[in-house]
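So the structure is just underneath, and the comments pick up after that.
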Amino acid sequence: MAAAPPPQQPDRPSTSGGLGYFHLRLVGPAPALLLLRSDRLYSLSLSDSRGYRLRLLLARPHRRSARDLLLSTSGCALRFTHRFYGAEAPSVNGRPFRARIPAELAVGDEVSVLRRGARYGFVVERFVSCEGVGSGAAARAGSCVEGLVFRAESLRKRLRAISESEDPLSFLRDSNCSRNGGPDAGELCLDNPTNPVSKKYLLQDDCNLDQDKLEHHIDAAKGVDLDPDAELCQGSKGCGDDSAEQARCSNGNEEQHHIEGCHSDGSTFFLNRLVGIGSLSDTRAEPQNGVTLPQLLHPVETLVRVFIATFTSDIPWFLDYCKIPQHLPVTVACHNKERCWSASSENRMSAPFESHPNLLLVYPRFPEEIAFGMDRKKQGVACHHPKLIVLQRENSMRVVVTSANLVPRQWHLITNTVWWQDFPRRTSVDYAALFSATDEQNSDFAAQLVSFIASMVNEVPSPSQAYWINEIAKYDFEGAGGYLIASVPGIHAQSPPYLESNYFLSAKHIIHAKSANRMFVGSVQTSVVGLSHRFNMPSNAGSQLRALSTFLGKCRENMHGTTEVILKRNTNIPADANAVSVLVADLDKFSEEVNNDRCPQAGSVQLGFLPREVAKWVAPLSDSGFFNFSGFIYPREALEAAFGVTNTKVQLLLYVSKGPEFSRISELICDGHFPPLCSLIASLKRCLGLWRLEEVLSNIKWPETLETDFIYSASSIGTSINPQFIATFASAAGKRPHQDFDSQESDPEWGCWTAKHELKKPSISLLFPTIDRVKKGICGIQLCRNLLSLPEKTWQRLRSTGIFHDAMPQPYARIGYPMHVKVAQRCFKSRPGGHSFGWTYCGSHNFSPAAWGQLLSPPSKANATEVRAAGPRLHICNYELGIILISPPPGKSKHASESRHKIENISLPFVVPPPRYKWSDRPATRLAMREAAAEVCVQQSNNVVDLSDDTDEDVPDEDNEQEIELSDCSHQEKEEEKIYVEALWGQVDSSQSQDKD
């Protein structure tokens with residue numbers, strides 16, 4: 001039987017306004033949700049052994065701990081009073097508040113207490129009115145009015161506090177508009193405290209809230225370890241599990257963040273909204289206050305399709321938190337160490353959610369060439385690390401580039417950057433935009449976006465595979481506010497310049513027609529397979545080798561050391577209807593007519609075939625007339641392979657240009673063309689990582705003497721970071737020495753920023769939090785143990801350079817919250833007080849060779865020909881994506897969209913200039929955080945500290961990175977390729993024998 005409610009005490013706060021519940025979100029090691037009835041008096045304390053304790057007070061306490069916070073609720077008002085003194089005095093929104101003076105709190109206010117180096121307290125999330133339950137629409141309307149009155153009163157007090165401040169601008173910036181009550185807040189007398197009461201006196205019969213739910217939250221606050229993600233996933237429902245009950249009790253704030261949208265023109269980036277800095281249920285939707293994931297997706301009802309790329313993911317949370325409709329097609333590309341390295345394409349995708357049958361999980365492939373020893377089973381340092389969201393609607397497509405993974409803690413408790421822009425639908429499909437280049441007048445945003453998506457979904461079965469390829473062509477990306485910067489794992493060569501071709505592949509015959517530069521689309525790095533099979537046959541190997549040597553001897557090499565070969569469709573080979581032969585011939589005497597029949601020996605020698613995986617998209621795109629294909633090889637490489645000097649595959653540069661039907665592709669394209677088109681786009685060479693950074697920024701000559709800042713803040717700094725890599729990054733970002741007297745203009749490094757310059761004068765300030773800053777965070781080291789990654793040996797190697805600076809969050813309200821941002825900026829100023837310009841990067845790239853790429857050095861024993869044939873190589877381990885926003889110097893704007901960019905409008909999430917490390921400072925390295933965690937265990941031996949690694953980030957250890965030379969990048973034919981070419985050669989020889997007979 002429920003206990004009878006105690007009589008009303010004369011000294012208890014009277015109820016003024018409707019009955020309801022305040023939702024308080026605890027901050028600290030256990031961010032639980034507390035529900036406080038609106039006509040009660042509570043005491044909130046923190047015990048060393050039991051954690052938070054919330055007690056309901058039924059009368060004035062006779063004895064109360066000096067470390068208790070007294071919370072008084074009356075109607076729609078919430079007040080608190082404390083008796084702390086000194087450094088541990090509580091603060092409201094970051095501003096200290098004096099003891100014994102009551103403070104009136106509004107929704108969104110944060111009360112925090114610094115205790116033993118850790119931050120504790122709570123955030124007022126919302127007020128849920130339950131007055132007039134069951135009274136119909138009138139009661140619900142009254143509840144809404146009450147909420148508006150409450151918000152208006154809160155706003156009035158905030159405005160008054162601003163007007164009375166000596167420096168209103170600093171007040172707004174530093175305190176995020178503190179909303180403390182003044183003398184009219186009403187003083188609570190604390191001279192005669194009372195004893196706390198037992199749980200049996202909790203009011204039960206006059207509360208429409210499920211009492212079990214209330215007791216659950218109170219118990220959870222009493223020292224019970226809580227998983228932060230589980231609590232945040234649970235949300236703040238406050239009216240029990242019954243949906244009808246919830247609808248009656250809510251004042252409309254609960255789902256308000258789902259209703260409000262957000263807007264950005266792409267000229268800057270924003271931050272995510274954190275719990276406690278503008279409540280998740282706050283009705284304000286301005287991006288300046290931080291954005292939520294539901295706001296970015298709003299309205300979900302109009303979404304046609306969604307694509308997401310992330311590192312870690314909590315799919316059930318995402319589906320529930322963003323209210324994703326069950327029928328909506330969603331593709332999520334995410335990391336999985338085993339699946340991404342799997343050789344089976346079927347193992348790299350799954351559809352595990354029966355409730356959402358159209359949701360597909362994709363695990364993008366890591367190539368063998370980046371595995372240790374080029375053995376997929378040994379794996380390697382690789383990570384699918386981008387954070388991309390593409391939202392398709394009928395009339396627009398939103399592209400979101402963020403640093404937050406698809407997990408609740410990253411969006412609720414950790415500072416992340418969010419850039420987005422909406423792009424309108426075209427009146428007609430434009431496939432040419434998918435092949436535009438950076439040096440063209442138009443934006444290459446669409447080409448970069450479609451190429452990056454294609455690299456992740458290239459193996460997904462149709463129609464999912466090619467869906468985005470077709471759909472992106474339907475939207476106009478010309479007004480993009482920035483340039484996409486992508487990294488894709490692999491060992492990449494620089495895209496060769498346009499070379500004039502004489503012969504093109506065709507379905508029926510070999511086309512002899514010189515290509516035009518304006519028709520050039522790009523190039524693909526591939527190989528010739530089956531060469532060893534042909535030239536190792538005892539019967540005719542000698543004659544074939546002599547003929548090959550003769551033809552290659554007559555071929556003219558171009559300036560890059562390559563010579564053109566002829567590509568020919570083999571339509572008469574049953575083993576593969578898409579087979580393409582590679583022929584070597586004297587092009588000056590080669591006759592199309594002779595080679596149009598089935599016997600090509602008269603004027604050429606067949607070197608081999610295109611690989612099956614390449615031929616399956618080259619053949620249909622060539623047959624349709626959409627694209628022309630021509631090929632180039634290195635003659636010496638082909639001869640050495642034919643004579644058995646090497647057993648590696650012969651490189652083939654496949655040049656792609658627009659075909660005769662390219663202008664009509666929108667009319668002629670059909671469903672069967674999309675998979676080949678997707679494969680082509682994924683295979684085309686594009687500048688990635690460091691080379692993409694250089695491609696975007698090299699068009700502007702940045703004035704070195706006007707530089708004011710060059711900073712990079714990252715949550716992870718690679719093991720192999722050294723002056724050489726820092727100099728390479730700085731050079732790619734446009735850094736140049738003022739004068740270079742030590743080298744001559746003929747020196748390949750002349751005019752470039754090198755390791756010598758870096759050692760003399762460091763170019764970049766690296767921002768990384770100190771261990772003391774991490775210890776003082778809202779959750780101490782618990783949120784940061786795998787969120788931050790800086791190996792101790794990297795710190796010891798670079799500490800003497802003076803490049804490390806403390807990452808101090810801003811605005812002020814974000815101090816104590818971990819940062820997961822990856823932001824770089826290089827800023828210039830024309831004169832003191834003059835115009836500022838420069839560029840800003842935000843995205844997923846940490847400061848590491850795994851993310852940006854490592855330049856490979858030539859083999860130590862390589863000769864000049866081999867070095868020229870191989871060319872420079874960039875070794876990239878990770879999938880990454882970011883955006884660069886350029887504010888060019890006056891008069892140097894290349895695209896119209898850059899004219900609206902002002903670098904002063906970009907608010908960085910950290911203090912600039914950043915404070916340099918003091919001699920006693922130590923970064924939050926892995927070793928430092930392990931030591932700090934051990935200290936916490938000792939200090940709180942009765943409270944078990946969760947040191948498990950189920951964190952949002954799990955950056956692979958780069959300690960195993962190896963020096964890779966160009967000689968390690970060669971490929972040998974696989975067993976399946978040998979079987980393929982043997983079948984082709986057998987049927988080619990059989991066909992030719994029948995023709996001779």
Mean Cβ-within-10 Å packing, highest first, puts peptides 361-372, 326-337 in the order 361-372, 326-337
Kindly report the accessible area of the stretch 413-503 per residue (heavy atoms of protein chains, probe 1.4 Å, no ligands, DNA or RNA), in Å².
30
Sequence-distant or interchain residues sharing an amide H contact under 5 Å with residue 32, placed H: which?
26
In the structure shown, do any of 474/829; 337/978; 387/775 have a Cα-Cα gap over 31 Å, and if so which?
474/829
Using amide H atoms built in the peptide plane, which far-off residues or other-chain residues are under 5 Å from residue 521 H to H?
656, 657, 658
Over the stretch 673-825, with neighbouring protein chains present, the accessible area per residue in Å² at probe 1.4 Å is 38
Give me the three principal axis extents of the stretch 657-816 from the C-alpha atoms, as integers in angstrom, largest value leading.
64, 52, 30
What is the spin-label model distance, in nm, from residue 645 to residue 797 if the labels are put 7 Å beyond Cα along the C-beta direction?
3.7
Cα centroid of the stretch 446-503 to Cα centroid of the stretch 358-421, whole Å:
16
Around residue 422, under 12 Å between beta carbons, what's the net of Lys plus Arg minus Asp minus Glu among the other residues?
+1
Tell me, what ³J(HN,Hα) does each residue in the stretch 611-623 have, in order and in whole Hz, if you take phi through Karplus 6.51 cos²θ - 1.76 cosθ + 1.60 with θ = phi - 60° and put x for Gly and Pro?
x, 4, 5, 8, 4, 5, 10, 5, 4, x, 6, 6, 4
With a 1.4 Å probe and every protein chain kept in, tell me what percent of the accessible surface of the stretch 300-367 is carbon plus sulfur.
49
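The values are calculated or read from the model by the stated rules, or taken from the named source; none is laboratory data. Remember, predicted model here, so these are calculated numbers, not experimental data. Cβ sites come from the backbone with ideal geometry, for glycine too, and all protein chains shown count toward neighbours. Side chains included, ligands, DNA and RNA excluded: accessible areas come from the protein's heavy atoms. Shrake-Rupley method; radii C 1.70, N 1.55, O 1.52, S 1.80 Å.
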